[in-house]
Amino acid sequence: MVGLKPSEVPPTTAVKFLGAGTAACFADLLTFPLDTAKVRLQIQGENHAAQSAQYRGVLGTILTMVRTEGARSPYNGLVAGLQRQMSFASIRIGLYDSVKQFYTPKGSDCSSITTRILAGCTTGAMAVTCAQPTDVVKIRFQASMCLGPRSDRKYSGTMDAYRTIAREEGIKGLWKGTWPNITRNAIVNCAEMVTYDIIKEKLLDYHLLTDNLPCHFVSAFGAGFCATVVASPVDVVKTRYMNSPPGQYRSPLDCMLKMVAWEGPTAFYKGFTPSFLRLGTWNVVMFVTYEQMKRALMKVQALRESPF
């Protein structure tokens, strides 16, 4: 199966915006346990309350969570995660082509790598600024442990988490870790979007593959690997800083320095395997779904506009 054929009319910005958010939500539904396992592995070593449940590997982490906290625990924070993707991915992925065209000099046939990187950084920063509260809540839920019906849960639900964080830490608490998150997502967005863009372009230019599912799969897999390699250190710092109680770290830089002092430089790649499994799988599912969503939405739009 090669999927839907490309539309003769380029997708509109609205189609890309809606398609990116929907595709990202679908990818999150399938890969969320891997993301939760990544968060638990990244904070292991700093969360003394979690020392009773040591995690070993991706599958071991998920199985330990299910055994000690219940079958639903790998999906802690899913609601906030879907809220995040609908706002976050819609901007950073859905607006990427439009911003890339904005930065491309008039009269130029193609966009340079510099232009693509600039577009990736811009949409990544815009997305974080809008969606940061959802990311904070998602990570708090994923990092929290629930060891039975009588154990203390700080938040009773997603909306309660927003209210509690705002009440206890101020509104700025919902934007905690914005700068490391902007750094992380600028890197991830560049690695994902630029790598996907270039691999797909070269596969088509050299006629190695046509514009169908195999081409999208190969491009997305390469994008996921590159994103994981370059973003993992920033991702670990971001996760720890956003999950930390008030006063534990003075700044993201302080968090980074304490990690190196206490755990060594390898701490920056804690949770690398689940990060790659999650990001690689997420990219494949998201980009393949995104390409098909764009074509399906444009087909629906063409049918609505065509005369009977």
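The values are calculated or read from the model by the stated rules, or taken from the named source; none is laboratory data. Just so it is clear, the structure is predicted and the values come from calculations on it, not from any experiment. Neighbour counts run over all protein chains shown; Cβ positions are idealised from the backbone, glycine included. Please note that ligands, DNA and RNA were not included when accessible areas were found on the heavy atoms of the full protein model with its side chains. Shrake-Rupley method; radii C 1.70, N 1.55, O 1.52, S 1.80 Å.
A few notes on this one:
- A single entry from 163, 140, 184 fulfils the requirement of being in a helix (DSSP H, G or I), charged (D, E, K, R) and open to solvent by 60 Å² or more (accessible area, probe 1.4 Å): 163.
- Residue check for residue 75: surrounded by fewer than 20 Cβ atoms within 10 Å (Cβ to Cβ), among the hydroxyl-bearing types (Ser, Thr, Tyr) and touching a Phe, Trp or Tyr at 6+ places or on another chain (Cβ under 8 Å): yes
- Considering segment 187-303, the qualifying helices (runs of 4 or more DSSP H), each wholly inside and each with 1 or more residues that are among the aromatic types (Phe, Trp, Tyr), open to solvent by 10 Å² or more (accessible area, probe 1.4 Å) and over 29 Å from residue 82 (Cβ atoms), run over 252-263.
- Residues in segment 112-126 that are small (Gly, Ala, Ser), surrounded by fewer than 20 Cβ atoms within 10 Å (Cβ to Cβ) and either under 11 Å from residue 99 (Cα atoms) or free of Cβ contacts under 8 Å to residues at least 40 places away in the same chain (or both): 112 only.
- Search result, residues across segment 143-160 that are part of a helix (DSSP H, G or I) and either modelled with pLDDT under 80 or not small (Gly, Ala, Ser) (or both): 158, 159, 160
This table checks each residue for (1) aromatic (Phe, Trp, Tyr); (2) assigned to a helix (DSSP H, G or I); (3) within 21 Å of residue 184 (Cα to Cα); (4) at pLDDT 95 or above.
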residue	(1), (2), (3), (4)
35	no, yes, yes, no
41	no, yes, yes, no
79	no, yes, no, no
101	no, yes, no, no
107	no, no, no, no
